[in-house]
4 protein chains.
Amino acid sequence: MKVTVWNENRHEQTNKKVREVYPEGIHGTISAFLKEAGYETETATLEQPEHGLTEEVLNQTDVLIWWGHVAHHEVTDEIVSRVHQRVLDGMGLIVLHSGHFSKIFKSLMGTTCDLKWREANEKERLWVVAPGHPITEGIGEYIELEKEEMYGEHFDIPTPDELLFVSWFQGGEVFRSGCTFNRGKGKIFYFRPGHETYPTYYNEQIQRVIVNGVKWAAPVEREKPVYGNAKPLEEVPGE
Amino acid sequence: MKVTVWNENRHEQTNKKVREVYPEGIHGTISAFLKEAGYETETATLEQPEHGLTEEVLNQTDVLIWWGHVAHHEVTDEIVSRVHQRVLDGMGLIVLHSGHFSKIFKSLMGTTCDLKWREANEKERLWVVAPGHPITEGIGEYIELEKEEMYGEHFDIPTPDELLFVSWFQGGEVFRSGCTFNRGKGKIFYFRPGHETYPTYYNEQIQRVIVNGVKWAAPVEREKPVYGNAKPLEEVPGE
Amino acid sequence: MKVTVWNENRHEQTNKKVREVYPEGIHGTISAFLKEAGYETETATLEQPEHGLTEEVLNQTDVLIWWGHVAHHEVTDEIVSRVHQRVLDGMGLIVLHSGHFSKIFKSLMGTTCDLKWREANEKERLWVVAPGHPITEGIGEYIELEKEEMYGEHFDIPTPDELLFVSWFQGGEVFRSGCTFNRGKGKIFYFRPGHETYPTYYNEQIQRVIVNGVKWAAPVEREKPVYGNAKPLEEVPGE
Amino acid sequence: MKVTVWNENRHEQTNKKVREVYPEGIHGTISAFLKEAGYETETATLEQPEHGLTEEVLNQTDVLIWWGHVAHHEVTDEIVSRVHQRVLDGMGLIVLHSGHFSKIFKSLMGTTCDLKWREANEKERLWVVAPGHPITEGIGEYIELEKEEMYGEHFDIPTPDELLFVSWFQGGEVFRSGCTFNRGKGKIFYFRPGHETYPTYYNEQIQRVIVNGVKWAAPVEREKPVYGNAKPLEEVPGE
C-alpha cells in the first residue's frame, strides 16, 4: 500500500502559529503516523514541479490524501485532470477539511461543495452514525475536539454513498463530517477536521480514522471495464 | 410548470430516416406530449443563439429536458456552466439517451459516463425495480421496446440516489436505465431510451415516464441555503 | 388523499400537563392542521376496537400517521401485521417521535431502532440537509424548538434512503431527525420531534413538514408486481 | 476469521441429482473453498440440535453463510431471533440464493423478499455494476453460468445500500443479484446464484465472490453504542 500525502503547504510558510503546531508541515505530521501504521508513505506539495504529482508518482499511489486551503486556484487544471483520471481508474482519495473547496473535490462531486464556517475556538464532537463501517473501527461513540473551526450545513455535496460521522458544534450547527463517495473505480472519503491552527492531526482518534480510511480506500485489483461498441453475446435476430 | 425541451437537432437535418421518424424533430415530439399532459412547454436547439438557452429562458424553466448526441462538443462551456448553475439552484434536469455523454451530464456526475453500445435493432425490456416511485406510476412491470440501440454495463456514473429501471437486452447485456441524482437543490433524472432512428418517443409508456419525471423533477419553493462565514447561534465560550 | 392519524392516546388520559397542551389529544391537533391543509383526515386510537385500524379503515387510508410511546406492547401483533401489509402494498406511513420504538416501525426496519434520550427542556435545532426534497419545501435553513426531549445517536436504523434533517441538541448530541425509507410499494417518513409535554405540533414549521410528508408519502397508482413462477418472455433453448 | 456455513441440507437427502452434484452437501462444498481461502470454517445444519447454531457457535462466528429452501418454516423462531441479534451485534451474514425467503433474511429486511422464479436450465450472466467494490475484486466484467434457475424482478427488498451485480437471464428477465445491507453493526450480503441442481458453487468466479464477501462482512472491532437515558455532555440551562 503506497500513500501520497499532498499538502498545499502554504500556511506553514506564512503563519508562525501554524509552523509551531506543524513544524514539519501538515503533510509531515500525517505521513509520520501513516508510516507508523505500516503504510509506505511519501509527501508532495504545491511548490514542487507538477505539484509533486507526476504521472509516475500518481501511477504508484494507491491512496492520495489531500489538504489545501488558500491556494486551490494555484493547482493547475492539468494536474487536477490527471488526479481525477487516476481516481476514476481506482486510486483512493481522502480529502481533508478545507480540501472541500479544492478543484479536484469539486470536479468529482459536480456541486459547489460550499458550507458555513467560523473560526471561534469552539468545541466539535464527531458522532459515529455508522458503527459497523471499517472507517469507524476502534473509534468510541464520538470524537471530541476541544477547539476546531466550525463547518455547518447545508454542505452542498451530492448525497454521500455512506454517512459515517455527524459533527455537533458549540455554536449551534451540525455537519456531515465523514462521507464516502464512489467515482469510477475509485473510492473517496471526505473527513472534515483539521484546521491548520489546531493540533487536530495529533489526536489519536483522528489518526485512527485516517489510517482506517486509507485501508478502506485501497484500490481493488481487477481489469478496467470495457467501454464503447460491443458485439452481442447472444444472437440478435434483428441484426 | 414550465418545461424547456432542448435538442441538438442535428440528425434530423442530416439523416432522412430520422427526419421520417421525427418530422418535427425529437424536441417537437417530446414537447407535443408534454403539452398534452398540461405542461407549458417550449423548445430550444443547438443552432439558436446561445443554443436557445439564454439567462431569461433558463430562469423561467422549471424542468429542462436534454437530448444530444453527435454535437456535444459544439455546446459552449459558457452555456453548460449556466445550465449547471441553474440545476444547482433547483431547476430539474431530465437527460435522455445519448445525453449521457453531454458536457452538462458529465460535469454534474464527475465521471466519464461511458458505457457499451450497439445498434442492432434489438429488443429492450425495461424492468421497474422501484414500484413505489412517482416516476414509475402507471407503468406495468416492464416496458418493451421492439427495437432500440443497446446500452450496456458498466455505466460509469456515481451510485444513483434511486434506481428505477433496469434494462434487459436481447444481445445479453443489462443497463441501469432509469436513475435519479440530487445536485444542489436540483433533481436529475437520467432515462436511457430514445435512439434517433426508432419511434421510441411515440411509445405511450415512455411518454408517461417522461411526464412523471417532469412532475418529480419540479423545483421546490424555498430560500437558497446561506453559505460562508456564520455568526454562532449559541454562545461560544472560547470565542 | 385520505389520512388516518393514529395515536396511542394514553398520556392524554393520565397526565394533566399533556392534557393541557393537547386538550383534543395529539391526534386531534395533528388531524386539525391536516384538514386545514386540505386532506380528508380521520383519527384512530389504541382503545378503539381493533385499535381503530380495521381492514376497512386501512384500505381507505392513503397515508397513516403513527404516534405511540408507553403502550407499544398493547398494540396487537395482528394489527401490526395488517398495517405492515398495507405499507408494503403502498400506503404511506409517517412515524413520529417515540413511534421509533413501535412494533410497526421496528418490524419494517429490521433493527432495534434504539437511541439515546433525555428529558431536560433543552433546545433542538433541526437542520435541513436535503434542500431540494419536497418534504423540506417552504422550510428555512433550520427549525428551532425551544424545548424538546433529546434523542441522540447512535440511532439504530438501516441506512435511510434519504436523510432530510439532522438535529443539534443543547446537551451535545446530534440525531438523524428526518429519514425516508422504501418498503415494498410503501413510502415511510420518520420525523423525530413531538414529545407529549411540549407544544411541538402547534409549531407551523413542524406542521408544514408533516403536511409535506403526507403529500410525499401518497401511494402511486399502479398494479402490484407479479411474483412467483413465471413463464419465459423469450425462448429458452435449454428448457 | 471464523466462518460458519449453515445449510438446511434437505435436498441432499431427498434428491439423488442434488446428492450427485454436492455429495458432501452444499455446505461441504462451500466450506471446502473457504478453508482453502484461509478461513477457519465450520458447518451447521438444520437437523442438528439448535440447528447447529448454539449461543457458543454464534458467539464465535465472524461471518455466517446461509443456504435454505424447502424448510425455512422448520427453523425455529428462537434461533432466528438469536441469529438476528448477533447480526445487529456485528456478525456478518451472507445469504445465498433461495435464502431470500428465509425467516432471518425477511426479518432483517422488513419486506416480503418475494420475486419471480423459473427452473428452465437457462443461462445467467451476472454483470458487475460496482467495479470498485471489494466484493467484485478479481471478477471480470460478468460471470456467466450456463444453467441456473431464473430469479426475476421485482425483487421485494428495501433499497440495497450497495448494488454490485445485475443478472441477465435468457428468458427475458433481470435481477439485482448482489446487494449489501447494513443492519445494526452487522453487514449483510445477498448473492443470488446457487440452485441445488447445478454445480454453481464449483464455479471459481462464484467462489471468489463469496470469499470476497466473507472478508467484506467481517465485524469491526469497536464497543457497542450506548443506548437509553443519557446525561448531557454540555450544560443544559433549562434542566
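The values are calculated or read from the model by the stated rules, or taken from the named source; none is laboratory data. Because the structure is a prediction, the values reported are computed rather than measured. Here the Cβ is made from the backbone with ideal geometry for all residues, glycine too, and neighbour counts use every protein chain on show. Surface accessibility is based on the protein's heavy atoms, side chains included, excluding ligands, DNA and RNA. Shrake-Rupley method; radii C 1.70, N 1.55, O 1.52, S 1.80 Å.
Does residue D:188 meet the test of being within 14 Å of chain C (Cβ to nearest Cβ), touching a residue at least 24 places away in the same chain (Cβ under 8 Å), within 21 Å of residue D:35 (Cα to Cα) and in contact with a strand residue (DSSP E or B) (Cβ under 7 Å, 6 or more places away or on another chain)?
Here the answer is yes, as residue D:188 does meet what is asked.
Kindly list the number of the only condition in (1) within 14 Å of chain A (Cβ to nearest Cβ); (2) over 24 Å from residue D:124 (Cβ atoms) that fails for residue B:205.
Of (1) within 14 Å of chain A (Cβ to nearest Cβ); (2) over 24 Å from residue D:124 (Cβ atoms), only one is false for residue B:205: (1).
Please verify whether residue A:187 is under 16 Å from the mean Cα position of the chain (by Cα) and either over 16 Å from residue A:65 (Cα atoms) or open to solvent by less than 20 Å² (accessible area, probe 1.4 Å) (or both), treating the condition exactly as stated.
Working: under 16 Å from the mean Cα position of the chain (by Cα): yes; either over 16 Å from residue A:65 (Cα atoms) or open to solvent by less than 20 Å² (accessible area, probe 1.4 Å) (or both): yes.
For residue A:187, the condition - under 16 Å from the mean Cα position of the chain (by Cα) and either over 16 Å from residue A:65 (Cα atoms) or open to solvent by less than 20 Å² (accessible area, probe 1.4 Å) (or both) - is met.
Of all residues in the range C:225-239, how many are within 26 Å of residue B:213 (Cα to Cα) and open to solvent by 20 Å² or more (accessible area, probe 1.4 Å)?
First, pick out the residues of the range C:225-239 that are within 26 Å of residue B:213 (Cα to Cα): C:225-226.
Subset that is open to solvent by 20 Å² or more (accessible area, probe 1.4 Å): C:226.
Of the residues in that region, 1 qualify.
Among the residues of the range D:141-150, is there at least one that is basic (Lys, Arg) and touching a Phe, Trp or Tyr at 6+ places or on another chain (Cβ under 6 Å)? Reasoning before the result, please.
First, pick out the residues of the range D:141-150 that are basic (Lys, Arg): D:147.
Keeping just the survivors that are touching a Phe, Trp or Tyr at 6+ places or on another chain (Cβ under 6 Å) gives D:147.
Yes, some residue in the range D:141-150 is basic (Lys, Arg) and touching a Phe, Trp or Tyr at 6+ places or on another chain (Cβ under 6 Å).
If the Cβ limit is 6 Å and pairs must be 6+ apart or interchain, which residue in the range D:50-73 that is without any contact (Cβ under 8 Å) to a residue 24 or more places away in the chain pairs with which residue that is assigned to a loop (DSSP other than H, G, I, E, B)?
Taking only residues 6 or more apart or on different chains, not a single pair turns up.
Considering A:34, A:64, which residue is assigned to a strand (DSSP E or B) and under 20 Å from residue A:190 (Cα atoms)? Explain how you work it out, then say what you get.
Working: A:34 fails: assigned to a strand (DSSP E or B).
Selected residue: A:64, the only one of A:34, A:64 that is assigned to a strand (DSSP E or B) and under 20 Å from residue A:190 (Cα atoms).
Pairs please, first residue from the range D:135-153 and over 19 Å from residue B:175 (Cα atoms), second anywhere and open to solvent by 40 Å² or more (accessible area, probe 1.4 Å) and part of a strand (DSSP E or B), Cβ atoms under 7 Å, 6+ apart in sequence or on different chains.
If the second residue must be open to solvent by 40 Å² or more (accessible area, probe 1.4 Å) and part of a strand (DSSP E or B), the pairs left are D:147/D:121; D:149/D:117; D:149/D:119.
Go through (1) closer than 14 Å to residue D:124 by Cβ; (2) assigned to a strand (DSSP E or B) one by one and return the number of the condition residue D:194 breaks.
All conditions are met except number (2).
Among (1) under 12 Å from the mean Cα position of the chain (by Cα); (2) in contact (Cβ under 8 Å) with a residue 60 or more places away in the chain, where does residue B:102 come up short?
(2)
I'd like the full set of residues that are open to solvent by 10 Å² or more (accessible area, probe 1.4 Å) and β-branched (Val, Ile, Thr), limited to the range D:46-70.
Across the range D:46-70, the qualifying residues are D:54, D:57, D:70.
Tally the residues that are closer than 24 Å to residue D:115 by Cα and among the polar types (S, T, N, Q), restricting the search to the range D:82-98.
Of the residues in the range D:82-98, 1 are closer than 24 Å to residue D:115 by Cα and among the polar types (S, T, N, Q).
Select the strands (runs of 3 or more DSSP E) contained entirely in the range B:71-180, then report the ones holding at least 2 residues which are open to solvent by 10 Å² or more (accessible area, probe 1.4 Å) and at the interface with another protein chain (Cβ under 7 Å from one of its Cβ atoms).
On the way: elements: B:92-96, B:116-128, B:142-152, B:162-169.
Fully inside the range B:71-180 and qualifying: B:116-128.
Residues in the range B:212-224: is at least one closer than 27 Å to residue D:165 by Cβ, surrounded by fewer than 22 Cβ atoms within 10 Å (Cβ to Cβ), within 14 Å of chain A (Cβ to nearest Cβ) and in contact with an Asp or Glu (Cβ under 9 Å, 6 or more places away or on another chain)?
Of all residues in the range B:212-224, those closer than 27 Å to residue D:165 by Cβ come to B:213.
Cutting the leftovers down to surrounded by fewer than 22 Cβ atoms within 10 Å (Cβ to Cβ) gives us none.
No; the residues of the range B:212-224 include none that is closer than 27 Å to residue D:165 by Cβ, surrounded by fewer than 22 Cβ atoms within 10 Å (Cβ to Cβ), within 14 Å of chain A (Cβ to nearest Cβ) and in contact with an Asp or Glu (Cβ under 9 Å, 6 or more places away or on another chain).
From the list A:55, A:24, A:12, A:74, which residue is charged (D, E, K, R) and touching a helix residue (DSSP H, G or I) at 6+ places or on another chain (Cβ under 6 Å)?
Values: A:55 fails: touching a helix residue (DSSP H, G or I) at 6+ places or on another chain (Cβ under 6 Å); A:24 fails: touching a helix residue (DSSP H, G or I) at 6+ places or on another chain (Cβ under 6 Å); A:74 fails: touching a helix residue (DSSP H, G or I) at 6+ places or on another chain (Cβ under 6 Å).
Matching residue, one of A:55, A:24, A:12, A:74: A:12.
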